[in-house]
Structures are given as structure tokens and as C-alpha cells.
1. Can you give the convex hull volume of the alpha carbon atoms of segment 46-92 per residue, in Å³?
2. Relative to the first principal axis of the alpha-carbon coordinates of the chain, what is the inclination of helix 108-122, with its axis defined by its Cα atoms, in degrees from 0 to 90 and to the nearest 10?
3. Mean projection of the alpha-carbon convex hull of segment 77-123 over all orientations, in nm²?
4. Restricting to DSSP H runs of at least four residues, report the calculated mean residue ellipticity at 222 nm for the chain, -39500 (n - 2.57) per run over all residues, nearest 500 deg cm²/dmol.
5. Using Cα atoms only, what is the angle between the long axis of helix 130-149 and the major principal axis of the chain, expressed in degrees (0 to 90) to the nearest 10?
6. Take each of the peptides 147-160, 86-99, average the number of other beta-carbon atoms within 10 Å over its residues, and list them starting from the highest.
7. Return the distance in nm (one decimal) between the two label points of a simple spin-label model at Ala138 and Glu109, each offset 7 Å from Cα along Cα→Cβ.
8. Given N residues in the chain, what is its alpha carbon radius of gyration divided by 2.2 N^0.38 Å?
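Bear in mind these aren't lab numbers, they're just calculated from the coordinates by the rules spelled out. Nothing here was measured: the structure is a model prediction, and the numbers come from that model. Note that we place each Cβ from the backbone using ideal geometry, even for glycine, and neighbour counts take in every protein chain shown.
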Amino acid sequence: VVDNFGVVVAEQNAWDVQPEHATARLQINTLRVRRGDPDLLLQRAELVDALAAVFERRMRSDRINRLLLRARLSWKEVEVFRAYFYYSRQLGSTLTPEIVQKVLINHAEFATRLTELFRVRFDPAGHAAEEMREAQEAKLTSRLLKYLDGVKGFDEDRILRMFLGLVKATVRTNFYRP
């Protein structure tokens, strides 16, 4: 599970604890990390939240989870990418999860910017006036298209454009509902 986030664990220790006057037992884990994102400690809260989501079965455990650390996303934002991928499959895309995961991880900067575009378009906390929101959206779209101009591989370009197209085609979302 941890490996799917791009973290290599060198050592793990687990203890079962039963607090006094409690019926439930807790398991406490400590991990010594051998290799991971250089900013792993800065994102530890997001990683812990994501691991909890995996163990609570609110998040799948696969390689797309590496976007959490590489693209500096929350686990819910990673789930947006996963949802768009599975939606593309319903639309007839024959892309495999492995190739899509590889492309997104290799283009984490694009994923970060695409998430910014998603936020600008749909986050009600943005409180920006409609004209301001449209200007921000146009600026981010322009940056994303410029990024795509530098993508060398045809399949990579096609996959990244697919995700951009899906975000741009989205009319509304319940992502920001509590």
C-alpha cells in the first residue's frame, strides 16, 4: 500500500495497544522510510490521510496514488483523476490503467496545474467574481496547452489532452460537498 504512494519502507514496527477502559484495540505502526519524495515530511498529513482512506476503503490502492506526493495533491484530488480515467473507459477509451498512471506520474506538474484548473472552475470557496474566474481559467488553460506543446510522445500527449478535455467538459461536480 505504501509503495503505491512512491515510498519505500526500510523497516516497520507494529504494536497492538488496548487503552485502559476501552474495548477496542489500536494498532500503532512506525515506518522508517528508505526512499520517497524529498518533501515527504512536509506532506505527511496528506499521506496519513490517504493511507487512512485506503484502509477505510474510501480510496483505491494503485500506482496513481503516487500523484499525491509527486503532484502535491490531496487523496480526494487523486480520486478525481481516477474517476476521470474510469469515466474515459465508459466513453470507449481503451487505455490501460498502467499506461495512464505512468503518464500522469511522469507529468506530475501537468497534474498539479490541471487540479488548479479544476479548483478554479468548481471550488465555491474561491468566491471570485465570474469574470475573474473566467480569466483565471483561461490563463491556466493556456499554461496547460503550452505545457502540452513540450510533450514529446504521441500517447503521452493524447492522454494528457484527454484529461484536460474531461475537466473542461465537466459542467458541475459534488466534489466540494461535505
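1. On the way: hull volume 3.1 nm³, N = 47.
Once divided by residue count, the hull of segment 46-92 is 66 Å³.
2. Tilt of helix 108-122: around 80 degrees.
3. Working: hull surface 13.5 nm².
One quarter of the hull surface, i.e. the mean projection, equals 3.4 nm².
4. Working: 7 runs with 93 residues, N = 178.
For the chain, the value works out to -16500 deg cm²/dmol.
5. Between helix and principal axis, roughly 90 degrees.
6. Working: 147-160: 13.9, 86-99: 11.6.
In decreasing order of mean packing, 147-160, 86-99 become 147-160, 86-99.
7. So the two model labels end up 2.5 nm from each other.
8. On the way: Rg = 18.6 Å, N = 178, 2.2 N^0.38 = 15.8 Å.
Normalised Rg, Cα atoms only: 1.18.
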